[in-house]
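The values are calculated or read from the model by the stated rules, or taken from the named source; none is laboratory data. This one's a predicted model, so the numbers in the text were calculated from it and none came from an experiment. As a convention, Cβ positions derive from the backbone with ideal geometry for all residues, glycine included, and neighbour counts pool all protein chains shown. For accessibility, only protein heavy atoms count, side chains too; no ligands or nucleic acids. Shrake-Rupley method; radii C 1.70, N 1.55, O 1.52, S 1.80 Å.
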Amino acid sequence: MSDVVRKVIALSILIIGAGVIWAGRRTTSAGEDQAAKDDMDATIASARERAAANDARLKGAYSYQRGGWVFVHLEGEPSSLGFQHGYLLASEIEDAFPAVSADMMHDTGRDWAFFREVARDKLWPKLDPEYQQELQGIAEGLNARTSSLLDVYDIVALNAFEEVPDYYVPWLNKQEKVKNAPNLKAPGNCSAFVATGSWTKDGQIVIAHNNWTSYMKGERWRIIFDIQPTQGYRILMDGFPGVIASDDDFGINSDGLMVTETTITQFEGWNPDGKPEFMRARKALQYGGSIDEYMRIMLDGNNGGYANDWLLGDRKTGEIAQLELGLKAYKLWRTKDGVFSGSNWARDPKVLKLDTPEFDPNKLDSSPNARRVRWDELLNENRGKIDVGLAQQMLADHVDTYEKKTEADERVLCGHTETTNRGVAEWAWGPYYPGGAVQGKATDSNMAKDMRLVARMGHPCGGDFLASAFLAAHPEYSWEQPYLRDMKAGPWTTFHAGEKPAHAN
Ligand SMILES: [Zn+2]
């Protein structure tokens, strides 16, 4: 078969959208032919891998696993960063792509061809050349290592998994007056804070974040990227296989910037002339040497996608900030003595009115507002004592301020939405939705100076999610069965930019 034919077949299968079908292909009636082809593929694959391992673009890159995470060190020109990423994380990308693409198609009712077209026609032309080169490199590194048939537009669509399904598609459905359009809501990822001055134990900055998402995706959000680009600052961040931004987001750079965010609940809006959020977020972390520079990059071509309340710190000055980045409005608060927290609520009256018209800040039983009350309690109780150790405990907190009891549910900082029939309507998460806090990270000024952070895979409280028991009890989520896995918590683990595994030189 020619590569073109293979590609068309592979894409048709992707468009149907199920890993099951892919797996099932091997047991079809053409079994013997298939086995012969598999043997040949395996021979080609090992030859390909041997050849690729000598590729000069891999120079200096390495990866290893620790504490349930995959640490990956990338260095060099944009195309090399990408090639290393695609090559070293090939198996993780091949595992994550079917899960993420299935989720995008399931929620929007759009096929994969649609997402590829958006990537090619709407997103790609807006990307800076260096990020186009990096994304192209990811596809090339992946293809060099495996028989993957994904190309650069698949990778771009993957990078936009936060902004296209829940921001662009609802905007497009309105534009096109789509009848019976699916109920798409901006996600409500995360609980986070940043503190400084009299609030912290040593007067310096402490920043912490846990990522809330579906367990299907969250269990794969297990990469620690150490990126040493030829241009811009060095980056240490958590991230997702195949994606160039942290995306959940938690990262530090070598010029002292400390960055995280929580997503703005019930955000509505999209600017088709803007630049993709995933690129702006990556660029701001790579080139932002101050709170002002960070904000300037995020505002340049703001497309409204994946709109967040950014929590920022600059360890050079001890100053922290909150950038509430709406599309029609935005606001920056900053201080050298204070704390900013986030749990998916907007606070600026203009942003609330113009960008999140449906969000009710007074509905105290909703997840964002219940967690907002808890952050206020916890941070005030611990004023002057906050350090990275305490931050880890806060990320694991299970106090439900609405019911005034300790319970692992959707209203606590360490969320477990699957435990109740309430769901989170604001994010279109149904009853018993398998989602919540999927991992946590924290650091402080001293650690950031040394390019270090601590991270825990799985629920920050250490609780495990077990997929088969969940699916047996909740067959309404059986469509996730091919992708949903156990999410067992790992230990809090320290990562250090440039660190090599114990057994390496
Ligand atoms: Zn928990």
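Accessible surface for the chain, divided over its residues, is 38 Å² per residue with a 1.4 Å probe.
The charge dipole of the stretch 350-505, taken about its Cα centre with unit charges on the Cβ atoms of Lys, Arg (+1), Asp and Glu (-1) only, comes to about 500 debye.
The angle between the Cα long axis of helix 277-287 and the main principal axis of the chain comes to about 70°, on a 0 to 90 degree scale. I'd like the GluC sites (Glu not before Pro) in the stretch 317-364 restricted to DSSP loop residues with at most 13 other Cβ atoms within 10 Å, sorted by number. Passing both the DSSP loop test and the Cβ count: 358.
Given contacts defined as C-alpha pairs under 8 Å and at least six residues apart, what's the relative contact order of the chain, whole-number percent? Walk me through the intermediate numbers first.
Working: 1128 pairs, mean separation 75.7, N = 505.
Dividing the mean separation by the residue count of the chain yields 15 percent.
Only protein atoms count toward the accessible area here, which uses a 1.4 Å probe; on the stretch 246-337, the carbon and sulfur part of that area reaches 45 percent.
Computed from the alpha carbon atoms alone, the convex hull of the chain holds 146 Å³ per residue. Between 44, 501, 423, the Cα set farthest toward the positive side of the dipole of the chain (charges on each charged residue's Cβ, about the Cα centre) is that of 501.
Residue 275 sits among other residues whose Cβ lies under 12 Å from its own Cβ, and their net charge, with Lys and Arg +1 and Asp and Glu -1, is 0. Using just its DSSP H runs of length 4 or more, each adding -39500 (n - 2.57), the chain gives a mean residue ellipticity at 222 nm of -10500 deg cm²/dmol after division by all residues.
Modelled label positions at residue 292 and residue 273, each set 7 Å beyond Cα in the direction of Cβ, lie 2.7 nm from each other. When only the Cβ of Lys, Arg, Asp and Glu is charged (+1, +1, -1, -1), the dipole of the stretch 333-387 relative to its Cα centre reaches about 180 debye. The portion of the accessible surface of the stretch 412-459 made up by carbon and sulfur, rounded to a whole percent, is 45 (1.4 Å probe; DNA, RNA and ligands excluded). Residue 432 contributes an accessible area of around 70 Å² to the protein surface, as traced by a 1.4 Å probe with all chains present.
If you put +1 on each Lys and Arg Cβ and -1 on each Asp and Glu Cβ, how big is the dipole of the chain around its Cα centre, in Debye rounded to 20?
The calculation lands at about 460 debye.
Going toward the positive end of the dipole of the stretch 203-302, with +1 on Lys and Arg Cβ and -1 on Asp and Glu Cβ, which of 203, 223, 294 do you reach last? Value: 223.
At a 1.4 Å probe radius, which order do 364, 184 fall into by accessible area, largest first? Don't jump to the answer; show the numbers that get you there.
Numbers: 364 95, 184 25 Å².
Ranking 364, 184 by accessible area, largest first, yields 364, 184.
Residues whose amide H comes within less than 5 Å of that of residue 429, counting only those at least five positions distant or on another chain, are 424 (H built at 1.01 Å from N in the peptide plane). Within the stretch 129-189, the GluC sites (Glu not before Pro) that combine a DSSP coil assignment with at most 15 other C-beta atoms in a 10 angstrom radius are 176.
With a 1.4 Å probe and all protein chains kept in place, how do 317, 260, 146 rank by accessible area, largest first?
317, 146, 260
Counting charges near residue 451 (Lys, Arg +1; Asp, Glu -1) among other residues having Cβ under 12 Å from its Cβ returns a value of 0.
In this simple spin-label model, placing a label point 7 Å from the Cα along the Cα-to-Cβ direction at both residue 120 and residue 502 gives a separation of 4.9 nm. For a quick check of understanding: with a 1.4 angstrom probe and all protein chains in place, what accessible area in square angstrom does residue 334 have, to the nearest ten? It works out to around 100 Å².
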